[in-house]
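K.L.:
To start, I am sharing the structure in question, which I have written as structure tokens.
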Amino acid sequence: MYTVVQKHMGWIEVICGSMFSGKTEELIRRMRRAQIARQRVEVFKPQIDKRYSETEIVSHDDQKLPSHMVISAQKIIPLALEAQVVGIDEAQFFGKNLVKVCQKLANMGKRVIVAGLDMDYRGEPFNPIPELLALAEDITKTHAICVVCGNPANYTYRKTESTDQVVIGAGDIYEARCRNCYKQPDKTRKKGTAKK
């Protein structure tokens with residue numbers, strides 16, 4: 001007779017969408033449910049994002065959850081060894097190495113929940129989210145409300161002239177737009193130059 005040893009299976013969940021679509025709010029909801037189930041959780045955010053707090057992830061509607069601020073994706077692994085559920089917010093700021101980190105954590109039997117922008121302000125894929133979408137067992141696409149017409153919004157419109165892909169901000173710099181109301185930035189502008 002053979003004895004079957006069942007290993008706890010890990011997996012990756014991705015929550016993606018535009019700004020103001022409730023990604024962080026959904027991440028917080030899932031992490032709190034894991035805490036209610038008495039699971040050990042650890043939450044991470046990139047060091048670049050200090051908009052609301054350095055010690056918590058914070059949604060635009062002011063929901064909060066304690067988190068670790070880390071400089072790179074690789075720093076997550078040693079801090080997550082005891083966790084059963086790992087939450088990662090603003091994942092688009094971690095870069096391509098986040099894919100390997102998430103894979104390693106899931107292969108260790110952990111539930112990995114990642115939240116981030118799937119498109120940048122130009123309406124182009126924002127790595128590493130597209131690659132994580134291909135590898136994830138579960139995907140949730142969230143939508144905001146278009147500030148122009150009120151339809152479901154899938155795009156993040158930048159109100160400033162900056163052409164850098166990463167500009168940290170909130171409602172002062174960005175707004176949610178639907179496909180019809182979104183205006184793609186002028187791609188002919190050079191990086192760092194303002195349109196006159």
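K.L.:
Identify the residue in segment 106-124 that is surrounded by fewer than 23 Cβ atoms within 10 Å (Cβ to Cβ) and acidic (Asp, Glu) and, among all such residues, is farthest from Glu26 (Cα to Cα).
P.N.:
Selected residue: Glu124.
K.L.:
Within segment 70-124, take every residue that is among the acidic types (Asp, Glu) and more than 11 Å from the chain's Cα centre (by Cα) and give me the one that is modelled with the highest pLDDT. Give the derivation first.
P.N.:
Our first condition is that a residue be among the acidic types (Asp, Glu); within segment 70-124, this holds for 82, 89-90, 118, 120, 124.
Now restrict to residues that are more than 11 Å from the chain's Cα centre (by Cα): 82, 120, 124.
Values: Glu82: 97, Asp120: 93, Glu124: 94.
Across segment 70-124, the extreme among qualifying residues is Glu82.
K.L.:
Considering only segment 1-17, how many residues are part of a loop (DSSP other than H, G, I, E, B) and either of a type in the set (A, V, I, L, M) or at pLDDT 95 or above (or both)?
P.N.:
Final tally of qualifying residues: 5.
K.L.:
Also, quick follow-up: Are any residues in segment 18-52 part of a loop (DSSP other than H, G, I, E, B), small (Gly, Ala, Ser) and in contact with a strand residue (DSSP E or B) (Cβ under 6 Å, 6 or more places away or on another chain), and if so, which ones?
P.N.:
Of everything in segment 18-52, those that are part of a loop (DSSP other than H, G, I, E, B), small (Gly, Ala, Ser) and in contact with a strand residue (DSSP E or B) (Cβ under 6 Å, 6 or more places away or on another chain) turn out to be Ser18, Ser21, Gly22.
K.L.:
If I go through segment 91-112 residue by residue, how many of them are outside any loop (DSSP other than H, G, I, E, B) and over 25 Å from Glu175 (Cα atoms)? Give the steps one after another, and end with the answer.
P.N.:
The initial filter retains those residues of segment 91-112 that are outside any loop (DSSP other than H, G, I, E, B), namely 91-93, 97-107, 111-112.
Then drop every residue that is not over 25 Å from Glu175 (Cα atoms), which leaves 97-107, 111-112.
Result for segment 91-112: 13.
K.L.:
Might you check whether a residue that is in a helix (DSSP H, G or I) and not small (Gly, Ala, Ser) occurs anywhere in segment 55-75?
P.N.:
yes
K.L.:
Only one residue in His68, His60 is touching a helix residue (DSSP H, G or I) at 6+ places or on another chain (Cβ under 7 Å) and either touching a residue at least 60 places away in the same chain (Cβ under 8 Å) or surrounded by fewer than 18 Cβ atoms within 10 Å (Cβ to Cβ) (or both). Which one?
P.N.:
His68
The values are calculated or read from the model by the stated rules, or taken from the named source; none is laboratory data. Computed from a prediction, not measured in an experiment: that's the story for all the values here. Note: ideal-geometry Cβ built from the backbone for every residue, glycine included; neighbour counts use all protein chains shown.
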